[in-house]
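Notes follow once the structure below has been shown.
A short reminder: the numbers here are calculations on the coordinates, not readings from a lab. These numbers were taken from a predicted model, which means no experiment stands behind them. Note: ideal-geometry Cβ built from the backbone for every residue, glycine included; neighbour counts use all protein chains shown.
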Amino acid sequence: MDENELHRWDATGLAALIRTRQVPAVEVARAHLDRIEAVGPKVNATVTVLAEQALAMAESADEAVAAGAAVGPFHGVPFTVKDSLDVAGVVTTRGSTLFKDHVANADATAVARLRVAGGIPLAKTNLPEFSYWTETDNPLVGRARNPWNAERTPGGSSGGESAAIAAGMSPLGLGSDVAISVRGPLTTRHRRAESHPGPDTCHRTLARGTPPVLARGPHGPQRAGHRDRSRRPRRSRR
């Protein structure tokens, strides 16, 4: 599988190729690792790459297919993980110097479930410190860049994850979202790095069918579907 083929298949398609032995899981993992090596320095989307571990698991995945074993829906498919989510035996920095040496004892629930489905952890991805910002930058590894334009931001807080997916480093990724941490990067394409959206900001979408996260409301920017209650008249008390 060469670099051009990486963008042709989503995670489900790759799983089907692996399951039917059209493409070895090892080849899929190696192709994505090569892509990370090629564009990683420019995009700065990954913070920890699990190359040896991923290739070993891919070999086991191929052996399971050859043996006719029952396999999950994402069998042999590599996936990336935002560095706020634990992968057992791997450092989870949360983008902070306080956790730069913190090794997780167990998988986060989402990671564990993807493993059960056959997925293979490939790398941990960049984020703002403690996921607390709309742009991906932290004191440990610095700023993630938009793969379409390195002078611009992929957004945040799951900006490293979105950049990895967009740049073909990973076919599947785990992020987290409380406010706009996943939805913001999905819709960010033209924000300049080290800047903040003004009240008229309405980001274009990268994912087809994904609505803009920010829209202009009567009293400033707000999430799509959010109802502004700040100026609603109070009911009179009798």
Checklist entry - In whole Hz, what ³J(HN,Hα) sequence does region 128-143 give by Karplus (6.51, -1.76, 1.60; θ = phi - 60°), x for Gly and Pro? => result x, 4, 6, 6, 9, 5, 8, 9, 8, 7, 7, x, 7, 10, x, 8
Next on the checklist: Quick one: 3J(HN,Hα) in Hz for region 164-174, Karplus 6.51/-1.76/1.60 with θ = phi - 60°, rounded, Gly and Pro as x.
Outcome noted: 5, 5, 5, 8, x, 6, 8, x, 7, x, 10
Next on the checklist: Per 0.36 nm of contour for each residue apart, how much would the distance between Ala67 and Glu52 grow if the chain were fully extended, relative to their Cα-Cα spacing?
Outcome noted: 3.1 nm
Next on the checklist: In Å, what Kirkwood hydrodynamic radius results for region 73-139 from the alpha-carbon pair distances?
Outcome noted: 12.3 Å
Checklist entry - Amide H to amide H, which residues 5 or more places from Val47 or on other chains are under 5 Å from it, using H placed in the peptide plane? => result Lys124, Thr125, Asn126
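How long are the three semi-axes of the equivalent ellipsoid for region 105-173, computed from the Cα gyration tensor as the root of 5 times each eigenvalue, in whole Å, largest first? Mind dumping the intermediate values first?
Working: eigenvalues 108, 45, 15 Å².
Ellipsoid semi-axes (Å, largest first): 23, 15, 9.
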Checklist entry - Tell me, what ³J(HN,Hα) does each residue in region 119-124 have, in order and in whole Hz, if you take phi through Karplus 6.51 cos²θ - 1.76 cosθ + 1.60 with θ = phi - 60° and put x for Gly and Pro? => result x, 10, x, 10, 6, 9
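How much net charge surrounds Arg94 when only the other residues with a Cβ under 15 Å from the Cβ of Arg94 are counted, with Lys and Arg +1 and Asp and Glu -1? The partial results should precede the final answer.
On the way: positive: Lys82, Lys100, Lys124; negative: Asp83, Asp86, Asp101, Glu129, Asp137, Glu161.
With Lys, Arg at +1 and Asp, Glu at -1, the neighbours total -3.
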